[in-house]
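Visitor: Before anything else, here's the structure in question.
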Amino acid sequence: MTAMKIPKGFRFGGVACGIKPQRRDLALVVSDHPAAAAGVFTVNKAAAAPVVDGRPRVPAEGMRAVVINSGNANALTGPGGLDDVGVIRGAVADSLGLQKRSVLAASTGVIGQRLPAMKILAALPALVEQLGDHPDLAAEAIMTTDTRPKMAAREVILGGKPAVISCIAKGSGMLAPQLATTLCVVATDAAITPRALQDALARAVSTTFNMVTVDGDMSTNDTVYALANGLAGNPRLSEPGPDLDVFEAALRDLLGEMARAMAADGEGATRMVEVVVTGAPDDACARDLARSIASSPLVKAALFGADPNWGRVLATVGARAGSQGFAVDPYKARVALQGVTVFEKGAPTDPDREGLKGRMRESRVDVLVELSDGGARAVAWGCDLSYDYVKINADYSSLIIQKEDGGVGKDDKVANYSPAFKRSLLVEALKYIAAFSGQIAVIKYGGAAMVKDSLKEAFAEDVTLLKRVGLKPVVVHGGAPEITRTLEKLGERSEFIDGMRITDAQSLPVVEMILTGKVNQELVALLNARNAGAVGLSGKDGSLLKARRATHESGRDLGRIGEVVEVNRNFLKMFLDQGYVPVISPIGLGEGGESLSINADEVAAAIAVALGAKKLIYLTDVAGILASAPDGDLVRQLTRADLKRMLDTGAIAGGMKWKAQAIQAALSGGVERVHVLDGRQPHTVIAELFTDRGVGSLVQP
Ligand code: ADP
Ligand code: MG
């Protein structure tokens with residue numbers, strides 16, 4: 001989990017109260033001290049009940065808590081909707097020993113369905129019990145169609161005192177307009193008056209959230225709350241001055257990060273775009289142009305195709321200038337894509353088209369329009385318009401089902417999609433199935449996919465399916481989180497070099513017990529519950545992995561860490577020929593029969609080479625290979641040479657270094673395609689293998 005700096009005196013929690021079928025759907029942010037509060041709301045006239053309730057109550061002093069539910073928007077629910085907000089605020093206040101007027105509420109989800117307040121009330125004891133350093137759980141509980149939680153923090157110095165500004169947010173999923181809502185809670189320990197906080201928040205929102213164009217529609221529930229409890233102890237900010245500027249700049253920066261995260265996480269989005277317009281006659285014009293470019297369907301479709309189509313960008317500028325009467329001359333503009341000038345001095349330039357096209361495939365695209373008509377500047381964020389967006393939205397309305405009790409369910413069985421969509425999906429998949437039949441695929445199972453139950457289930461399903469369609473899967477697993485946890489319980493701290501645990505003779509039995517005795521057996525059981533024919537093997541079984549002790553490149557002794565010397569290919573082949581799925585724990589057989597712990601990435605590569613596998617798949621806990629960790633862009637395709645360069649420059653580090661080295665070895669040994677996939681998402685293996693567009697990083701020789 002991303003560690004977020006917590007402002008003093010704030011506690012967070014998030015639980016599942018049952019509005020949504022399974023996921024967390026109720027969040028609480030509490031300040032242990034009375035806080036100044038501010039809020040910015042949707043201007044939609046059909047505002048939801050919590051907005052109607054909250055709007056007149058900020059800016060104010062003495063606020064203590066914000067309660068948020070997802071799954072149900074409590075919008076257009078009549079007078080009963082407002083009653084529900086009151087009941088919930090009252091119950092939250094009671095369970096925290098506060099006054100009702102110090103509690104604010106927000107909701108997101110389906111419109112027009114009465115909010116099941118009882119479910120929320122029933123979950124409050126557990127939620128209050130859980131309150132603590134859990135902004136991640138709160139951020140998760142407010143998600144609707146977001147694919148990942150959004151939270152961040154900034155540290156500032158105000159009057160010589162350190163203060164933290166944190167926030168959790170959710171974006172608009174674009175799945176359907178009525179579900180497109182921005183919710184955000186800013187929590188800070190800075191001391192600031194409600195009025196100053198309100199002004200700073202409103203200005204920060206206008207250049208950040210208000211510049212995200214996802215589908216252009218304003219929801220009924222958009223709400224941004226800010227609570228400032230003053231525990232940082234700085235002189236209270238109230239009048240304009242350097243400290244207030246520092247605070248506002250940090251707030252803007254923070255909300256800007258959230259805005260970009262929302263754009264990048266738009267439904268079906270494969271990449272995000274940041275549009276910067278400079279040199280405009282005034283702010284309103286700059287903002288209009290930036291937003292219009294980011295929301296132009298033609299620009300968005302070109303982005304999806306990685307087409308450096310600057311003509312559509314300038315056409316949008318010209319169209320807005322003409323229709324809005326802006327004093328802007330597109331011919332005098334300079335346009336740059338990914339920093340490469342493509343239009344200047346009234347004419348197109350002659351950039352390296354292939355190079356530029358390659359750069360347009362990155363997960364973030366920068367568009368710059370430099371006008372020479374004034375001094376105003378604006379930035380807008382959006383995303384591309386993908387096939388998936390159209391497919392999903394064309395068939396969407398049947399997918400959200402409203403249940404009797406006010407909860408919602410998602411009924412996304414393929415049966416609900418249009419016949420044309422089903423046909424293309426099947427044709428696409430069957431093509432791959434035919435091509436893969438009889439091929440060996442080695443899958444390294446690691447990262448988040450190993451920890452969360454639902455992901456484990458999805459992984460077992462995927463492996464079983466692969467086998468059913470004629471592929472021969474071989475699974476190699478790690479077990480790092482489990483090992484660290486157990487060693488800690490036993491009072492042993494793990495020491496790592498480059499993400500590799502130094503394992504002494506004492507901890508080796510624990511490592512082996514967990515890998516071979518627990519993780520391996522659990523995985524085998526999960527697979528065989530689906531009749532996958534899994535066989536659990538340690539590298540010691542049948543001398544599958546002969547190993548020797550390894551030393552670190554620094555010359556440091558790594559204890560009982562080994563490297564693979566030889567794979568017993570015939571032994572493994574025997575299982576594959578009989579239709580079994582080998583599940584291998586990365587324990588090697590050292591000289592004299594000692595057990596050695598080997599990095600599972602290396603084991604997977606060695607096995608893939610030994611078996612002559614064409615495919616090697618790494619499931620991990622990041623989106624794939626990133627241009628730089630932890631926040632860089634996903635690199636979708638790369639060669640062995642690219643990988644080497646990234647290793648040399650230090651762009652790849654930590655655990656990914658081992659994978660990168662293993663991938664190089666696999667490619668040298670004849671493996672044709674190595675995939676690095678996001679194990680935090682369910683079914684990525686299937687999505688990668690059976691659809692036209694890959695989902696992670698693909699490394700080829
Ligand atoms: P696994 O359980 O999949 O083996 P690791 O933690 O060993 O996971 O390796 C993945 C980690 O490598 C990522 O979580 C990330 O912190 C780190 N890493 C370092 N550099 C990169 C990079 N360039 N791209 C992706 N991940 C990187
Ligand atoms: Mg690892």
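Visitor: Quantify how much of the Cα-Cα distance distribution of segment 606-679 extends past 14 Å, in percent.
Guide: Counting every Cα pair in segment 606-679, those more than 14 Å apart make up 58 percent.
Visitor: Something else now. Just to be sure I understand: if I project the alpha-carbon convex hull of segment 8-57 onto a plane and average over all orientations, what area do I get in nm²?
Guide: 5.1 nm²
Visitor: If I stretch the segment between R55 and Q578 completely, what's the gain in nm (0.36 nm per residue apart, minus their alpha carbon distance), one decimal?
Guide: Computed gain between R55 and Q578 is 181.5 nm.
Visitor: Continuing with this model, one more query. Based on DSSP, what percent of beta bridges with both residues in the chain are antiparallel, to the nearest 5?
Guide: 60 percent
Visitor: Ok, one more. When the helices in the chain are scored as -39500 (n - 2.57) per DSSP H run of 4 or longer and the sum is shared across all residues, what 222 nm value do you end up with, to the nearest 500 deg cm²/dmol?
Guide: -11000 deg cm²/dmol
Visitor: In addition: Applying 1/(1 + (r/R0)^6) with R0 = 45 Å to the Cβ-Cβ distance of R485 and A284, what FRET efficiency is obtained, to the nearest 0.05?
Guide: The computed FRET efficiency comes out at 0.25.
Visitor: Between R549 and S628, what is 0.36 nm times their sequence separation minus the Cα-Cα distance? Round to one decimal in nm.
Guide: Details: separation 79, 0.36 × 79 = 28.44 nm, distance 3.10 nm.
In short, 25.3 nm is gained.
Visitor: Now for a separate question. For segment 497-561, what does the equivalent ellipsoid look like in terms of its semi-axes, each the square root of 5 times an eigenvalue of the Cα gyration tensor, given largest first in whole Å? Provide the component values of the computation, followed by the final result.
Guide: Values: eigenvalues 166, 33, 23 Å².
For segment 497-561, the semi-axes come out at 29, 13, 11 Å.
Visitor: Just grab the label-to-label distance for A434 and L82, each label 7 Å out from Cα along the Cβ direction, in nm (one decimal).
Guide: 6.4 nm
Visitor: At 7 Å along Cα-to-Cβ for each site, give me the label-to-label distance between D352 and R645 in nm.
Guide: Here the modelled spin labels are 0.9 nm apart.
Visitor: Starting from the Cα of E457, step 7 Å along the direction of its Cβ; do the same at I502; then give the gap between the two resulting points in nm.
Guide: In this crude spin-label approximation the distance works out to 4.2 nm.
Visitor: Taking Rh as the Kirkwood radius, which is the inverse of the mean 1/r over Cα pairs, what is the Rg/Rh value for segment 1-133?
Guide: 0.95
Visitor: I'd like the GluC sites (Glu not before Pro) in segment 466-505 restricted to DSSP loop residues with at most 13 other Cβ atoms within 10 Å, sorted by number.
Guide: E495
Visitor: With r as the distance between the Cβ atoms of A249 and S372 and R0 = 41 Å, compute the FRET efficiency 1/(1 + (r/R0)^6) and round to 0.05. Write down the numbers at each step before the final one.
Guide: Values: r = 27 Å, r/R0 = 0.67.
It comes out at approximately 0.90.
Visitor: Now, a different point. Label 7 Å along Cα→Cβ of Q99; segment 25-51 residues with amide nitrogen under 17 Å?
Guide: Under 17 Å, as judged by backbone N against the label point of Q99, lie 31-38 of segment 25-51.
Visitor: Still on this structure, I have one more. Using the eigenvalues of the Cα gyration tensor, what equivalent ellipsoid semi-axes result for the chain when each is taken as the square root of five times the eigenvalue, whole Å, largest first?
Guide: 45, 32, 26
Visitor: Then there is this: Sorted by mean Cβ packing within 10 Å, highest first, what order do the peptides 90-103, 248-261, 114-127 take? Don't skip to the answer; put the middle values down first.
Guide: On the way: 90-103: 17.0, 248-261: 21.1, 114-127: 18.8.
Result, highest mean first: 248-261, 114-127, 90-103.
Visitor: Less than 18 Å apart at the alpha-carbon level, and either on another chain or at least 8 residues along: which aspartates and glutamates does that give for K546?
Guide: Correct list for K546: E512, E563, E566, E591, E594, D601, E602.
Visitor: Any chance you could run the full-extension gain for E591 through R493? It's 0.36 nm times the residue separation minus the Cα-Cα distance, nm to one decimal.
Guide: That works out to 32.5 nm of additional length.
Visitor: If we restrict to alpha carbons, what Rg and Dmax does segment 192-264 come to, in Å?
Guide: Over segment 192-264's Cα set, Rg and Dmax evaluate to 13.6, 42 Å.
Visitor: Go through K45/K100; K5/K150; K300/K357; K444/K472; K8/K489 and tell me which ones have a Cα-Cα distance over 23 Å in this structure.
Guide: Table pairs above 23 Å Cα-Cα are K45/K100; K8/K489.
Visitor: If you don't mind, another one. Output wanted: per-residue J couplings in Hz (rounded whole) for segment 22-34, from phi through Karplus 6.51 cos²θ - 1.76 cosθ + 1.60, θ = phi - 60°, x for Gly and Pro.
Guide: 10, 7, 4, 8, 9, 10, 9, 10, 10, 9, 6, 10, x
Visitor: What residue among G54, V476, V224 has its Cα farthest toward the positive end of the dipole of the chain, where the charges are +1 on Lys, Arg and -1 on Asp, Glu, each on the Cβ?
Guide: It is V476.
Visitor: Further, regarding this structure: Would you mind listing how long segment 70-199 runs along its three principal axes, going by Cα atoms, in whole Å with the largest first?
Guide: 49, 37, 30
Visitor: Using a Förster distance of 41 Å, how high is the FRET efficiency between A525 and K161, based on the Cβ-Cβ distance and rounded to 0.05? All intermediate terms of the calculation are to be shown ahead of the outcome.
Guide: Details: r = 54 Å, r/R0 = 1.33.
In this case the efficiency is close to 0.15.
Visitor: Count the lysine pairs in segment 602-664 whose Cα atoms sit under 19 Å apart, keeping only pairs 8 or more residues apart in sequence or on different chains.
Guide: The result is 4.
Visitor: What is the antiparallel percent of DSSP beta bridges lying wholly in segment 521-615, to the nearest 5?
Guide: Bridges in segment 521-615 are about 55 percent antiparallel.
Visitor: Output wanted: per-residue J couplings in Hz (rounded whole) for segment 654-669, from phi through Karplus 6.51 cos²θ - 1.76 cosθ + 1.60, θ = phi - 60°, x for Gly and Pro.
Guide: Once rounded to whole Hz, the list reads x, x, 5, 4, 5, 5, 4, 5, 5, 5, 4, 5, 5, 5, 5, x.
Visitor: So if I place +1 on the C-beta of Lys and Arg and -1 on the C-beta of Asp and Glu, and nothing else carries charge, what would the dipole magnitude of the chain be about its Cα centre? I want it in debye, nearest 20. Kindly include the intermediate steps, with their values, before the conclusion.
Guide: Numbers: 78 positive and 79 negative charges, 192 e Å.
Once rounded to the nearest 20, the dipole reads 920 debye.
Visitor: How large is the convex hull of the Cα atoms of segment 444-524 per residue, expressed in Å³ as a whole number?
Guide: Details: hull volume 7.9 nm³, N = 81.
With only Cα atoms used, segment 444-524 gives 97 Å³ per residue.
Visitor: Can you give me the long-range amide H partners of R364? Hydrogens built in the peptide plane at 1.01 Å from N, cutoff under 5 Å, separation of 5 or more residues or another chain.
Guide: When sequence neighbours closer than 5 places are left aside, the close amide H contacts are M272.
Bear in mind these aren't lab numbers, they're just calculated from the coordinates by the rules spelled out. Keep in mind that what you see is a predicted model, and the values were worked out from it rather than measured. Reconstructed Cβ throughout: ideal geometry from the backbone, glycine too, with neighbour counts over all protein chains shown.
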